[in-house]
Amino acid sequence: MFKNEFQGGPTVDVFCASGKDPLNKYKNPAVKRDYVKEVKGFVYAVEGTTTTARLKFPLAGQKQTSLGLTQRYLISQVWVPPSKDFGVELTMTDCGNNKRRFVMSSSVKDVSMTPLHAKLPLSMIKRETWMNLCLDLESIVSDIFPNQTFKSLEEFTLQGNYKLRRVFTMKQRPHENIDIIDNNDYKFTPTESIPTAFQFASTLEYITMVISVPRIKSHLTLMRGDGRETSGYWSSSSEDVAASKRSMREQPTHIAFGTKV
């Protein structure tokens, strides 16, 4: 779909709920289009289970069967309700031309993997606020499957309960307005503002957060806080737990809402 398109700019626009209804032929009772006053535009409200409430890209009916997106950061502008399942399913090609499938979900408690498939928890996302949810595709591939690197995103599915405004990719990591312990995994990674055309309304409270594998690991360690080893891919030592706790005490934990990125 985007394989033969220019992707050398700062962003690639993948999906937008405003304007002409892009899902007018998408027959799914779990998906409804609503105008949201605070967003100042249309969004898609999706409700149901992770198996029935799904938006898959490329969309059903499109001629292209693969997205072919090559930029590192996938950003979905979403609002997730409390106590409801939410997940993202990704199919990516690595540098060895292997297709690898990743399921990231709030219902997953730990990391599990096979040679071409991995499940990761998505419990660190914020709820009841609009969010630029940014997935670091390069980290998801290389930090789960060592010696492999991200080549392209072929398809992805948003599933569960959420509201969706827009989807796009960025070449550089977007500025964040939330404090996250990241173990310096982005210490030397440059950041860039989200283009004005893609930003939320300046009056809207929202956050921007980047999800990477090291950040998921840190979050799991902090949530447990008892030195227990994680099953599956990771093994967190008591030293890791102690270091994360020290870092948490040293950093503020408030969310800075409404900061323009």
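Restricting region 1-16 to residues that are crowded, with 18+ Cβ neighbours inside 10 Å and touching a Leu at 6+ places or on another chain (Cβ under 9 Å), which is modelled with the lowest pLDDT? Looking at the filtered set, the residue picked out is Met1. Among the residues of region 65-94, which ones are more than 30 Å from Lys37 (Cβ to Cβ), surrounded by 13 or more Cβ atoms within 10 Å (Cβ to Cβ) and either hydroxyl-bearing (Ser, Thr, Tyr) or more than 16 Å from the chain's Cα centre (by Cα) (or both)? Matches in region 65-94: Ser66, Leu67, Gly68, Thr70, Thr91, Thr93, Asp94. In region 17-34, how many are modelled with pLDDT under 80, farther than 15 Å from Arg166 by Cβ and of a type outside the set (Ser, Thr, Tyr)? Adding up the residues that qualify gives 5. Quick check on region 126-138. Is at least one of its residues over 30 Å from Gly41 (Cα atoms), out of contact with any Pro (no Cβ under 6 Å at 6 or more places or on another chain) and surrounded by 15 or more Cβ atoms within 10 Å (Cβ to Cβ)? Yes: region 126-138 contains one or more residues that are over 30 Å from Gly41 (Cα atoms), out of contact with any Pro (no Cβ under 6 Å at 6 or more places or on another chain) and surrounded by 15 or more Cβ atoms within 10 Å (Cβ to Cβ). Only residues that are modelled with pLDDT of 95 or more and either of a type in the set (A, V, I, L, M, F, W, C) or more than 17 Å from the chain's Cα centre (by Cα) (or both) were counted across region 99-110, and they come to 4. Candidates in region 81-140 are the residues that are among the acidic types (Asp, Glu) and in a strand (DSSP E or B); of these, the one that is farthest from Gln159 (Cα to Cα) is Asp94.
The values are calculated or read from the model by the stated rules, or taken from the named source; none is laboratory data. The model shown is predicted, which means the values in this text are computed figures rather than measured ones. Glycine gets a Cβ as well: all are built from the backbone with ideal geometry, and neighbour counts include every protein chain shown.
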